[in-house]
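Novice: Dropping a structure here in C-alpha cells format, bear with me for questions.
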Amino acid sequence: MKNKKAFENMIHGIFLMLGLIAVGCVLLITVYLVIAGIPAIREIGLFKFLFGKTWESTSANPSYGILPFILTSIYGTAGAIIIGVPIGFLTAVYLSKIAPQKIKAAVGTAVSLLAGIPSVVYGLVGMLVLVPGIREIFHLADGASLLAAIIVLAIMILPSIIKVSVTALDAVPKEYEDASLALGATPVETYFKVSVPAAKSGIAAAVVLGIGRAIGEAMAVMMVSGNVANMPGLFQSVRFLTTAVASEMSYSSGLQRQALFSIALVLFLFIMLINATLNFFLKGKKGD
Amino acid sequence: MSNIITVKDMCLWYGEHQALKDINIDIPSKSITAFIGPSGCGKSTFLKSLNRMNDLIPSVKITGDVKYNGKNIFGSSVDVNELRREIGMVFQKPNPFPMSIYDNVAYGPRTHGVKSKAKLDDIVEQSLKDAAIWEEVKDRLKKNALGLSGGQQQRLCIARALAVKPAVLLMDEPTSALDPISTSKIEELTIKLKENYTIIMVTHNMQQAVRISDQTAFFLLGELVEYGNTETLFSTPKDKRTEDYITGRFG
C-alpha cells in the first residue's frame, strides 16, 4: 500500500514537472525579451522608436523608427482577415451544415493539408505566381508588395478559421435548429439566425486565432512582400515586424541588434494581447 | 367536427426498416388527440411526419396520403416552410434558443416578415399570455431564456410556437422532462389551447392521455392498433393488444 502511494506521488511529481516545462519556457522567453528589448528602447526613446517613420539601421546616421513595421503588420493582418474571414466563415457554415458527408470529409482533408503546408512553400508559390501576377495585372515595376503578402496570409489563416468555426458550429445542439425549422424558417435562415449566433464565441475565437497566425508569420511574407522598410501602401514593398527581426538579425550588432530585440518585444506584446482576447472569447463560451 | 388532418395508408421506411405500416387516421380539429404506445412504436415518427420534420433525415421514404385541410402535404406545390408555420411543434426537451425571452418568441414572426416593433411587441405579449407564462416573465423579457426553469422553458417554447399563429400544435412528449407541477401546468394549458388549436400529443404517460385528450390512438410496432374516443378506448378497448397495454401487461 505504502509503496503504491509513493509511486503515485512520484508520478504526480513527474507530470507536474513536465507541465511546468511549458510554463517555464514562456516565463523564460518573456523575461529574456523584456531584458533584451528594453535597453534599445531606452536609448532611442519609446516615442521615437514606436512612432518614428524611418528605419535606417545601417546608415552612417542610423534611425530606428518601427512605425512602418507596426503599421505593415497591422494592415497586413487586417487585410488577411478581411479576405480570409468571410471565405473561411462561409466555408465553415457550408461544411458544418450543408455539405454532404463525403464532400465534408474531402474538403476537411484538404483544409488539414493546407494547414500542414510549410510556410516557405506558401512563400515560394506566392513568389512564383502571385508576385508576377500582381505585377502584370496592376502594371507595377515590382509585384512584391503588401497586397501579395495579404493574399498569402489570407490563404494561410483559412485552415484555423475553418476548423475552429466548424467545431463551434458542429457543437450547436440540433434541438435549436429543429426548433427553428419547425417554426417554418428555411434551412439557410436557420443557419444564420440560430446556428451562427449560438456558435458566435467559437467563431470569434477562430478569427482571433487567424489574427494570431497572420501577425506571427515571417517566412512567407518575407518572400512576397519585398522586405523594404517603407511606410505601408497596398502596392509598396513593405517589411513586417516579424521580417524586420528575421532579415537583419544575422548581420546586426550593437544598438541595431538591441533594436531588433525591441521589435521582437513589440511583436510579443501584440501576440499576448491577441491571446488575452482569445481567452476572453473562450471563457465567454463557457459562461453561456 | 371537421377533420383537419386525414391520413390514408401511410407507410414510412428508415432505409430498409419499415417504421410505420398502413396508418389510417382522421384527426378532428380543435380537439386533443393523444398518441400512446411503448417506446419505438412509431408514434413520434408519425407525429414528425405531419409537419415533415422527417424530411431532415436523408434515408426516410414515405408512401400513402397525408392531407392537411384536404391538401396532400407531400405534394409538389406545398411550401414546407409554410406547412411548418401552420403545423407548429413543441419538442420533448425544452429547446429555447440561447437568446432573450423576447427574441425567442419574436423569432418566428420575424422570420415570416413581421418587422414593426409595435406589432412584434403585441405578438410576443399575446403569445406569452396564451402560453400562461406572461406573468412570470413580463419583467425580464430581455433576459436570456436559458435562465428559466425547465417548465417555464417549455411554456416559452409553446409561446414561441403560438407566435406564428399555427392551426395545429404537435407536441412530442412535452412533459416527459418536467416535474409534476410543471406537467400539470402544461396539461391545463393544452386543455385551454384546444379552443383555438388542434393539438396532437405524443405521450408515454397513459394517465395524461386520459386526463386531457379527446381521442387516443394506440401504436404498436409501427401499426396503429386502435383509435377512438379516449374514454371508450380506455374503458372498453376493442383490441386485445390495447387492453394488455393499458392494463400494464407490457410496455
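Novice: Can you tell me what the convex hull of the Cα atoms of chain B projects to on average, as an area in nm²?
Specialist: So the Cα hull casts an average projection of 13.7 nm².
Novice: Separate question: I'd like the FRET efficiency for B:Asn144 and A:Val188, computed as 1/(1 + (r/R0)^6) with the beta carbon distance as r and R0 of 41 Å, rounded to 0.05. Don't skip to the answer; put the middle values down first.
Specialist: Numbers: r = 25 Å, r/R0 = 0.61.
FRET efficiency, B:Asn144 to A:Val188: 0.95.
Novice: Right, next: Quick check on my link table: of A:Lys200/B:Lys143; A:Lys174/B:Lys194; A:Lys163/A:Lys283; B:Lys30/B:Lys165, which ones sit more than 23 Å apart, alpha carbon to alpha carbon?
Specialist: Beyond 23 Å between Cα atoms: A:Lys174/B:Lys194.
Novice: On C-alpha positions alone, give me the angle between the axis of helix B:180-193 and the longest principal axis of chain B, in degrees, nearest 10.
Specialist: 90 degrees
Novice: Counting partner chain Cβ atoms within 10 Å of every residue's Cβ in A:171-180, what's the average? Don't skip to the end; give the middle numbers.
Specialist: Numbers: counts 0, 1, 3, 2, 8, 5, 3, 6, 13, 7.
Rounded to a whole number, the mean comes out at 5.
Novice: Tally the DSSP beta bridges in the protein assembly as shown and give the antiparallel ones as a percent, rounded to 5.
Specialist: 60 percent
Novice: Going 7 Å from the Cα of A:Lys200 in the Cα-to-Cβ direction, what parts of segment A:75-89 have a backbone nitrogen less than 20 Å from that spot?
Specialist: Inside the label zone: A:82, A:85-89.
Novice: If the only charges are +1 at each Lys and Arg Cβ and -1 at each Asp and Glu Cβ, what is the size of the charge dipole of the protein assembly as shown around the Cα centre, to the nearest 20 debye?
Specialist: Roughly 940 debye, rounded to the nearest 20.
Novice: Assigning unit charges at the beta carbon (Lys, Arg +1; Asp, Glu -1) and nothing else, what dipole magnitude in debye, to the nearest 20, does chain A show about its Cα centre?
Specialist: Using only the charged Cβ atoms, the result is roughly 680 debye.
Novice: Also, I was wondering about something else. Note down the accessible area of B:Leu141, probe 1.4 Å, to the nearest 10 Å².
Specialist: 30 Å²
Novice: What value in Å³ per residue do you get for the convex hull of the alpha-carbon atoms in segment B:33-132? Walk me through the numbers on the way to the answer.
Specialist: On the way: hull volume 16.3 nm³, N = 100.
Value for segment B:33-132: 163 Å³ per residue.
Novice: Against the globular-protein guess of 2.2 N^0.38 Å, express the Cα radius of gyration of the protein assembly as shown as a ratio, rounded to two decimals.
Specialist: Working: Rg = 32.1 Å, N = 539, 2.2 N^0.38 = 24.0 Å.
Normalised Rg, Cα atoms only: 1.34.
Novice: When the helices in the protein assembly as shown are scored as -39500 (n - 2.57) per DSSP H run of 4 or longer and the sum is shared across all residues, what 222 nm value do you end up with, to the nearest 500 deg cm²/dmol?
Specialist: For the protein assembly as shown, the value works out to -17500 deg cm²/dmol.
Novice: If you don't mind, there's one more thing I want to ask. Can you report the principal axis dimensions of segment A:67-287 using only the alpha carbons, biggest first, rounded to whole angstrom?
Specialist: 67, 41, 27
Novice: What FRET efficiency do you get for A:Leu18 and A:Asn279 if R0 is 25 Å and r is their Cβ-Cβ distance, rounded to the nearest 0.05?
Specialist: The value I calculate is 0.65.
Novice: Find the Rg to Rh ratio for segment A:2-51, where Rh is the Kirkwood radius over alpha-carbon pairs and Rg uses the same atoms. Please report the intermediate quantities before stating the final value.
Specialist: Values: Rg = 20.6 Å, Rh = 14.0 Å.
So for segment A:2-51, dividing Rg by the Kirkwood Rh gives 1.47.
Novice: Using only Cα atoms, what Kirkwood radius does segment A:1-150 have, in angstroms?
Specialist: Hydrodynamic radius (Kirkwood, Cα pairs) of segment A:1-150 is 21.2 Å.
Novice: Expressed as a whole number of Å, what is the distance separating the alpha-carbon centroids of segment A:182-231 and segment B:124-181?
Specialist: Each part reduced to its Cα centre gives a spacing of 36 Å.
Novice: Along Cα→Cβ, 7 Å out, is where each label goes; now give me the distance between the ones at A:Ile271 and A:Gln256 in nm to one decimal.
Specialist: 2.5 nm
Novice: At 0.36 nm per residue, and after removing the present C-alpha to C-alpha distance, how many nm does the segment from B:Ser2 to B:Asp79 gain when stretched out fully?
Specialist: 25.4 nm
Novice: Let me ask something else about it. Enter the angle in degrees (range 0 to 90, nearest 10) between the Cα long axis of helix B:117-130 and the first principal axis of the Cα atoms of chain B, meaning the one along which they spread out most.
Specialist: With both axes taken from Cα atoms, the answer is about 50 degrees.
Novice: While we're looking at this one, here's another question. Size of the dipole of segment B:3-246 about the Cα centre, Lys and Arg at +1 and Asp and Glu at -1 on the beta carbon, nothing else charged, in debye to 20? Mind dumping the intermediate values first?
Specialist: Numbers: 31 positive and 30 negative charges, 161 e Å.
Here the size comes out at about 780 debye.
Novice: If you take every DSSP beta bridge fully contained in chain B, what fraction is antiparallel? Give it as a percent rounded to 5.
Specialist: Antiparallel: roughly 60 percent of the beta bridges in chain B.
Novice: Helix B:150-162 versus the longest principal axis of chain B: what angle, 0 to 90°, nearest 10, using Cα atoms?
Specialist: 90 degrees
Novice: Looking at B:Val164, B:Gly42, A:Leu255, which one has the Cα that reaches farthest to the positive end of the dipole of the protein assembly as shown (charges on Cβ: Lys, Arg +1; Asp, Glu -1)?
Specialist: A:Leu255
Novice: Once whole DSSP H runs in chain A are found, which of them have Cα atoms spread over 27 Å or more along the helix axis and a mean Kyte-Doolittle score of at least 0.0? Don't jump to the answer; show the numbers that get you there.
Specialist: Details: long enough: A:2-44 (62 Å, 1.30); A:67-93 (38 Å, 1.81); A:146-170 (35 Å, 2.26); A:254-287 (50 Å, 1.07).
Within chain A the helices that satisfy the rule are A:2-44, A:67-93, A:146-170, A:254-287.
Novice: Compare the peptides A:250-261, A:150-161, B:120-131, B:216-227 by average per-residue count of other Cβ atoms within 10 angstrom and give them in order, highest first.
Specialist: For the peptides A:250-261, A:150-161, B:120-131, B:216-227, the packing ranking is A:150-161, B:216-227, B:120-131, A:250-261.
The values are calculated or read from the model by the stated rules, or taken from the named source; none is laboratory data. Note that the structure is a prediction, hence the values are computed from the model and not measured. Positions of Cβ are generated from backbone atoms using ideal geometry, with glycine treated the same way; all protein chains shown enter the neighbour counts. With ligands, DNA and RNA removed, areas are computed over all heavy atoms of the protein, side chains included. Shrake-Rupley method; radii C 1.70, N 1.55, O 1.52, S 1.80 Å.
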